[in-house]
Each structure stands twice: as C-alpha cells, then as structure tokens.
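The block underneath contains the structure these notes are about, expressed in structure tokens.
The values are calculated or read from the model by the stated rules, or taken from the named source; none is laboratory data. For clarity, every value in this text was computed on a predicted model and none was experimentally measured. Virtual Cβ from ideal backbone geometry, glycine too; neighbours counted across all protein chains shown. For accessibility, only protein heavy atoms count, side chains too; no ligands or nucleic acids. Shrake-Rupley method; radii C 1.70, N 1.55, O 1.52, S 1.80 Å.
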Amino acid sequence: MNSIRQVPTRVKSRRTEASLGAEREHFDKQQLSSISKAINSAETPVKEKHARRIILGTHREKGAYTFWSYALGLPLAGSSILSWKFCHVLHKVLRDGHRNVLQDCMRHHSSLVEIGKLWSNLHDKYGQLVAIYTKLLCTKMEFHVKHSEIPPNLEVTDEVLERTAGTDINNVFQLTVEVFDYLDAELRLAETVIRQLNTSIAISTLTSGQCRLAPLIQVIQDCSHLYHFTVKLLFKLHACLPADTLQGHRDRFHDQFHSLKTFFNRARDMMYFKRLIQIPKLPDSPPNFLHAASLAKHVKPVVVIPDEDEPEQQDDDDDDPEPLIEVSDMSTSSIQAQPQQLDIFDQTFGPPNGGFDDRDLQIDSLKRDLELLRAELERVKAEAQRYITQLKSQINSLEAELEEQRAQKQRALVENEQLRMELEATRRRNAEHEGLQSTFIEADKRAQATEQRYNKLKEKHTELVSSHAELLRKSADTVRMLSATQQTQDEVERTKQQLSFEVDRIKQEADMKLEEQKFEMEKLRRELDEKMAEVMRIKATLQSSEKSSEQVNSSMTALQAEKERLMRSVSEKEAELSSLRQAAQVQQSSLQQERERSSRELGELQGKLQEKSSQEEQLKQKLLEEQFALLQGTITEAENIIQDAVAKLDDPLHVRCTSSPDYLVSRAEATLGSIDNVKKGHADYLGNMRDAGGLLRALTQFSHLAADTIINGSATAHMAPTDHADKLTENCRGCATQSLQFFNDLKSKTSLQRADPASIRVVVQKILHLGQELRPKGMDVRQDELGDLVDKEMAATSAAIEEAVRRIDEMMNQARKDTTGVKLEVNERILYSCTDLMKAIRMLIIASTDLQKEIVEGGRGAASIKEFYARNSRWTEGLISAAKAVGWGATEMVESADKVVLHTGKYEELIVCSHEIAASTAQLVAASKVKADRHSKKLPVLQQASRKVNEMAANVVASTRTGQEHLEEKDTMDFSGMSLIKLRKEEMESQVKVLELESSLENERLRLGELRKKHYELAGVPVEEAPEGNGDTSSMGHPAHMSPKPSKPAIMKKPALAQKPNILSKSPFK
C-alpha cells in the first residue's frame, strides 16, 4: 500500500507538465477525429473502429466529458441522419463505455428529449426513427440510474437480479413493469426500422439499409437480457401472487414474446447480421408461468458477437492481473488423476483381500481432502478477487487525485503569473500615489467643505420627505373616507371616483414635483461626484492646480445658487400643500352632506326592495303550483293510455292482431330510451321544480311507447309458442302495473322524491329478451355487418364459379388422356355442358351484382350502403342465402362431375346438382328482382341471364341422361326357354321388387319433405310461407307436381340422343 501511495510522486517526477499537455492535446484531437468520422450526415453505417476509439476514450478519462463537449456542437437539428448516427454512437457508449458515462449522459437528458420532440414534429423517415431512438435512450438512462446495480450493458447474474428486486413483492412488481417498458421501447425501434425497410427500396446489402440496421445490433443485445429478466421476475411474481392478479402481465409478456420472436427471425434472415452477430432462437411457445416447474426448462438466450478485432484489444487485456489459481488447479487435477488411476487398476486386476483394501480407505480420505481443498480454493479465489477489486479502486482513486493535483498545479501557475503582474502594477501605482499625495491633502480639505454643504442640503431634503409623508397620510385618510361611501347609489360612486381621481392627480403632481427635486438632488450629487473626479485629475497635474481651484470655486458658487433656488421651490410647494389641505376640507364637508342624502335614499330603496321580494315569492309559489298541476294532468293522461293498452290484452277483437318479434324489439328498445329520458327529467324537476317541461315531455313519450310495447307484445304472443306467449303476456301486464305504480308515486308530493322507474326498466328488458328469442334463427348476423357480408358472399360465389370452371378444364384434359371412344365422347359432352352452365351462372352473378348496385344507389338516399343493407335486413339475408346456395351448388356439381368421369359416382347426382343450381340461381334472381325498378335497363339483362342458366341446366340434364343411355349395357330379355310355372314365378318376383322400390321411393319422398321443412325453419321462413314443391324437377318435366310428396310419376320414355327436355316459357325458378 505504501508503494501505491507513492505512485503519484514518482510519476510527477518522471513526466513534465509539457508532456502531459501534449498528451492531452493529442487525445483531444484523436477523439475529435473519431467523433467527426463516426457522426456525419452520410447515409452509411458507423464504422466500428471509430466507435471503439470513442469508447476507449471514455475509459481513459473515466467519463464522457470530452465526448459531450464535442457532441453538443454538432448540428443535430439540421440533419436527421446525423441525429440518427449520434443516437447510435451514444447507445454504444452507454453499453460499452466507462461506468461514469451514465452520470455524464444524465446531465444532458433534457437535450435528448428536445431533439426527440423536434424530429417527432417533422415528417421525415429518419426523423421518426430519431424520435423513437431518443425515447429509448432516455428510458435506458432513467432505468439504470434508478437501478444502479444493473449496468447499462445488462450483463448481470441472476443473484444480482434477485438482490435488485429484493424481497418486497411491490418492488418486484414495479421492477417488472419497468422492464416491460424498457423492452417495449427496444421493440418499437426495431419494428419501425424493419417497417421502413419493407416500404422502401433499401435492403440490408446497401449502405442506406445498413445505416438503419446498424443500431439493431445493440437492440438485439439488450432484448436478450431483458427477455431473461422478464421471465425470472414473472416466475417470482407467480410464486407470491395469485394468477388472476397477474393476467395483465402475462398478456403483455405474450405480446412482447411474439414481437421479439418475429424480430429475431427476420433479423436472422438478413445477410447484414449473419457476419456481425449470432442471434439466439427463442422457444416455439412462451413459458407457462402457472407451473413453477417450467422455470427449469427456460434457457437464457445468449447473443454471440464474433471477435474480429482480437489483436487490437490485446493491449487492453494485458493490464488485467493474471489468474492466481492455476497452480491450485494443477494440483487439484493431479490429485484427481491419482484416484482415477487406482480405479483403473482395480477394474483390471480386482481389489486384493477379497474386495477390501487399505487403499480404499486412503482413496476416501483423499477424496474428502480434495473436497476440502476445493472449498479452500474457492475461498482463496473469492478473497483474491476481492483484493484485486480493492486495489483497482485504490488505483482509480489515486489516479483521480493525481489528475486533481495536476489541475491544481496548473491553476497555481496561472494565479502566480497573475499575482506577479498585479504586484508590478501596484508598485507603479504606489510610485504615482506618492507623487500625488501632497496635492490630495489639499483637495481633501476642499472636498470636506463641499461635503458639509451637501449634508445641509440633505437635511432640507429630509424635511421635504417628512412633509410629503404627512400629505400622503392625509390623502390615505381621504381615500378611506371615500371608500366608506362606495356602497351608496351610482351617483355617489361617480362623485367619489371623481374625488379620488382629483386626489390621485394631486398626489401624482406632488410625487412628480418630489421626483423632480430628487432628480435635481441626484443631478447635484452626480455633478459633485464629477467635480470630485475632476479634483482628482487636478491632483494628478501639478501645473494646472490653480486653474482647477478656480473651477472648484465657480462650481461651489453655482451650487450655492442652486441651493437658493431649491429653497424657493420648497416654500412654493408648502403654499400649494396648504391650499390643497383647505380644498380637501371643503370636499370632506360636501361628502358628508352627500352621505346623509344617500342614506335617506337607501332606506327608501330598501323598503321598495322588500315589497318586490314578497311579490316575487308569491309568483314563485304560484308557478310551482301551476307546474305541479300540469304534471298531475300529464300523469292522469299517461295512466289512461296505459290502462287502455292493458284493456286490449283481454279484448277478444285483439286476438287476431299479430306482430313480428323484430318490431317488438324495436318498440322495447325505444321504450328503454324513453325510460332514461324520464329518469333524467325527474332528476331535473327535483333540482328545479319551477320547470317541469322536460319531465312532461318524457312522460308523454314514455306513455305512448310503453302502451305500444304492451300492445305489440300481446300481438307477438298470439304467434309465439305457449311458454313464450304466457311469459310475454305476463311481462306486458307487469310493465303496465309498474308504470301505473310509478305514476301513482309522481302524483303525491310526499312520494315524489322516491319515485324510480328502475322496476319498469327490468320488465321492459325481459320483454326485449323474449322478443330477441322469438326472432328467426337466420338473424344471427349483426345489422351493421350485413352490407360487408353481401359483398363477401357475392365475391365468394364468383370465386367458386371460377374454381369450378378451372377444375372442369382439368377434368377435361384428364379425360382425354385416360378415355377414348364412346366414353370420351360422353365425358366431353357432359363436361362441355357443365362448363357452359358455369359460364351462364357467372354472367348471371355479374348481372345480379350490377342490378343490386343500381338498387342500392337508387334507394339509399343520404344513407350509406351499410345502412341501406341494415334497413332492409330480410332482403339482404335473402341475397346472402341465395349467393351461398349458388356457390355451394357449383362446388357440389364439380365434385359430382368428377365422380361421373371417374366412374365412381352416379349420373343422378349430377342431374340433382343441376336442378339445385337452377333453383339457387332462381332464388338469387327473385331476391334481386324484389326491389328492382320496373323500368330498369339492367332487369331484362338479369332475366335473359336467368333464362340462359335454365337452358344450360337443361343441357346438363339432357347430356347426362344421353350419356347414361349410351354407356349402360342392357341384356336382351329371352323368355323362350321358360315354362309357364317358371314365368309365373319370375313375374311374382318382379312384382315384389316393384313394390319394394315403390315403398322405398315413398319413404325417401317423406324424408325429403321433412328435410325441406327443417331447412325452411333454419332459414327463418315460416312453414306456411315455404314454397311447396321440391324446386328441382318441377321446371324440367313435372310442372304439375309441386308438393313435397308428389304422386307417383307416370312411366316416361327416355328421349332420343338429340332430344332435349321441354322447358316452360315461364319457369318457377324466376
């Protein structure tokens, strides 16, 4: 320790002040060069060697003073790229610089905030990045200043993190939130940089892209440590707090986990990062904090930076002390090797004496000694490390003392030089002073005489000031007297204001005259000072001493004349003050008379005011009674309306009235809104009972809406199931009962305060809920989504048609490869007819879409398209249902055609799909025609497209049946070899099969009818309104049979190859 204490003395003896100055100058030049090269306006990344020199400079000077002294002079407000590179260098300095850098940077925290605010208000891509980067740097500095145990590079052990968090769960909670904010700032910068790269031409191989990507290396390093901190802290929080409390923390961590994983994956794929940094891989799913065992599966992500500059860093590493534990390690390894050799010998030849030997005991003892030595070695290592830390701290403190002593010495040299110069100047002044001292005595006597005269003038000035203060006090008394009369009438107030204005004017004139006197006194004092200075100059020149004496005498004569003039002005002021005093007395007497007259008038006005107050109270009471009478009349009328609505519930003529659940829901919602208005009007009336207008309007609206809800609820119950009908009727009666009870409370002033419509709200909400339950099942889609759903379904249908055409083309090509002859002809005919049908459907979809646009534009008025669809929800749902059916039918038809071509399906499936598509397109046409204008030019186009679809569907059916005839093999019926008994037996078997097939056909038709009933029920169409008939074969060959259970069709001959089924001129599909 003594040798360490003597280090500054030896260094001081070896190095001169000149060499230290040159070394410091060289260091400053090197730092300035590195900063100017690293931070410039060129759109290139910061070179690593320049940033490394800046970081080494911070370690050399134990701080960032030099860096900030040069950085503050940079034009950061003029170039966004310059500001971006400055933030990058500052980030590297904070991470890898000296530990004192953080404190130096905090001194310029406000400058960083101002830079961020400046660039955030400008529309510049780099400016946006600079604003986000400055926020990140401020967050980083604030976090590490608050938690000084965690260095800015975030490289700490788990023990240090545990010690920083502490045992108080509130501190752990707060630390977790701060780490979340820290990580959010890092991820926000990374996402903004990558988003700008995606929207610009720059890529990671260009300098413009690398300029943006370079700071993300430090962001990746920070994020890996912050992710590990977050996992550790969240597991600790879940060990102490319930899981529900930490739901927000888990959600926030999951969002950060997915963002961080996406950022790492995208950065790992960029060529720029592959040679600079090795980015860790995060797990596929975030840790499960609800299971403490998941902490063991957590692996800390480690970022690896390739060490490309090892030779440059070797000099810095040589200063570190050599490890002091290699000898112990060698001895430990030798001790470990000996038992290993003994074990190998025992395995080869076996232990002597039947498995027991003294060497086993020796081995055990050596192992125990080895454990003791290891523990001792660890203790020695810790002690040595502690000594090394203490020595380094002492070296740093001594170096700081050395620098301080150097600075003190430099300051002492400068001060010594200044003192030497001051001493020489003092000597010269003393020589001059000795020569002038004799003349100074003479001038001093004259100055004393002048001072005596000045004191006399000062006494006179004091007397003037005292007289002025007396006048001010009298003026204050006058002001108080005037303020006492300010409560009288307006005329007295104007008089007082005029008097106060006169007094203020007099006071201002007095003040101005006193100021003039003071100014004259100051002027005399300045002239006196000038004369004294002139006397001093006279002392300096012995030749002009007599002339200066004459000037002083003349100045004294002038002063005497000025004094006499001031005395005359003082006497004049005293005369003016006496006249002002007399005027104030006259004004005071007049004010006294005015006060008496004002008091008499005030008494008269107070009497009149009391009369007016009594009349006003009477009018208020009358107004309250009239308002309450109006309220009673309104309540009586509202009761009559509600009672009339309740009476209709039992009216036999009302049984035939019906209403839809939708209308009931709309009435109930309007009633709920009127209840809110009633409640608000009731509160306003209680606050101001002179105005009952709001409550009257609300009660009138509520009575009509409540009666409408009761009547429509009863009408809806006539069509509802029994359970719902009973509940709905009961709630309607309850609504009437609660409404009448509320009106009864409003009638009396005693119960007016406690009247509350909350019970009515509960009953109306029950009615609303029942109405919503009675709505058709197809109303699940929200009203505001119908417009978007129409466009989506029409687009999906068009896409399905396009996909069907593409697949039919593929099947056509495959059929030409796999089949030949008649099969190929039949397959081509079927697929060609399917393709024509799909094209016709596509033209129908286009025509329907154009007509829908015309309907919407013509009928929506000032409303939006979505509002038009929501207002016509049933029509919109019909369009959606039809579009879905067309798309589904096209898909099914392609599947059936594929099976028919591959001979794995049935021809009947293709026929049924054709009928289904024709029916679906007919539904779409019908839904489009409902709201179309009769004279629309697009309506004939839609009708023509519909006829084309029917024609193409008939072609598909004809082609399918013709192909079926050509491909079916028919056996010739030869009954020549059968006997009469054999023929009779075959006839009976054929009749049995016919009866079985007829029974099966009847059952299938019954099943088809039930399926269609269920379909109509799910689609929201009442069974009574559902279209009778199956909708598929009626337009093709059986227009007379339209019921779900048609009669048995007559046996028809199959048409010839070129014959097509007859189509009616007006198909039911339209």
Quick check on my filter: what residues within segment 762-785 are farther than 17 Å from residue 712 by Cα and modelled with pLDDT of 85 or more? 762
Go over the candidates 271, 330 one by one and state the one that is modelled with pLDDT of 50 or more, exposed (fewer than 11 other Cβ atoms within 10 Å of the Cβ) and over 30 Å from residue 236 (Cβ atoms). 271
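A quick yes/no check of all residues on (1) open to solvent by 70 Å² or more (accessible area, probe 1.4 Å); (2) not in a helix (DSSP H, G or I):
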| residue | (1), (2) |
| --- | --- |
| 46 | no, yes |
| 50 | no, no |
| 53 | yes, no |
| 58 | no, no |
| 66 | no, no |
| 81 | no, no |
| 86 | no, no |
| 95 | no, no |
Criterion first (within 18 Å of residue 276 (Cβ to Cβ) and either in contact with a strand residue (DSSP E or B) (Cβ under 9 Å, 6 or more places away or on another chain) or of a type outside the set (Phe, Trp, Tyr) (or both)) does residue 207 satisfy it? yes
Among (1) farther than 20 Å from residue 675 by Cα; (2) assigned to a helix (DSSP H, G or I); (3) of a type outside the set (Lys, Arg); (4) open to solvent by 80 Å² or more (accessible area, probe 1.4 Å), where does residue 765 come up short? (1)
Hits in segment 97-111 (condition: in a helix (DSSP H, G or I) and surrounded by 21 or more Cβ atoms within 10 Å (Cβ to Cβ)): 101, 105
What's the total number of residues in segment 738-761 that are of a type outside the set (A, V, I, L, M), open to solvent by less than 70 Å² (accessible area, probe 1.4 Å) and part of a loop (DSSP other than H, G, I, E, B)? 3
Out of 47, 29, sole residue that is modelled with pLDDT of 85 or more, charged (D, E, K, R) and more than 30 Å from residue 186 (Cβ to Cβ): 29
If you check every pair at least six apart or on different chains, which have Cβ atoms under 6 Å apart with a residue in segment 132-144 that is closer than 12 Å to residue 179 by Cα and open to solvent by less than 10 Å² (accessible area, probe 1.4 Å) first and a residue that is among the aliphatic types (A, V, I, L, M) and in a helix (DSSP H, G or I) second? 144/102
Could you check segment 383-420 and list, in sequence order, the residues that are farther than 18 Å from residue 21 by Cβ and among the charged types (D, E, K, R)? 383, 386, 392, 401, 420
For segment 252-265, pairs from a residue that is touching a residue at least 24 places away in the same chain (Cβ under 8 Å) and within 11 Å of residue 223 (Cα to Cα) to a residue that is among the small types (Gly, Ala, Ser) and surrounded by 15 or more Cβ atoms within 10 Å (Cβ to Cβ), with Cβ under 8 Å and 6 or more apart or across chains, are 263/190
Where residues in segment 796-825 are open to solvent by 10 Å² or more (accessible area, probe 1.4 Å) and among the β-branched types (Val, Ile, Thr), which of them is nearest to residue 956 (Cα to Cα)? 805
Odd one out for residue 35, checked against (1) closer than 22 Å to residue 205 by Cα; (2) part of a helix (DSSP H, G or I): (1)
Report yes if residue 239 is part of a helix (DSSP H, G or I), among the small types (Gly, Ala, Ser) and open to solvent by less than 20 Å² (accessible area, probe 1.4 Å), otherwise no. no
Given (1) in contact (Cβ under 8 Å) with a residue 24 or more places away in the chain; (2) under 30 Å from residue 713 (Cβ atoms); (3) among the small types (Gly, Ala, Ser), number of the condition residue 633 does not satisfy: (1)
One residue from 948, 931, 937 being open to solvent by 40 Å² or more (accessible area, probe 1.4 Å), without any contact (Cβ under 8 Å) to a residue 24 or more places away in the chain and under 57 Å from the mean Cα position of the chain (by Cα): 937
Out of the residues in segment 877-908 meeting the condition of being among the β-branched types (Val, Ile, Thr) and open to solvent by 10 Å² or more (accessible area, probe 1.4 Å), tell me which one is farthest from residue 817 (Cα to Cα). 880
Counting only residues that are closer than 21 Å to residue 681 by Cα and within 52 Å of the chain's Cα centre (by Cα), segment 631-650 contains a total of 7
Selection from segment 678-714 of residues that are within 44 Å of the chain's Cα centre (by Cα) and closer than 15 Å to residue 732 by Cβ: 705, 706, 709
The residue from 857, 828 that alone is open to solvent by less than 70 Å² (accessible area, probe 1.4 Å), assigned to a helix (DSSP H, G or I) and acidic (Asp, Glu) is 828
Subset of segment 658-699 (residues that are exposed (fewer than 15 other Cβ atoms within 10 Å of the Cβ) and under 21 Å from residue 718 (Cβ atoms)): 658, 663
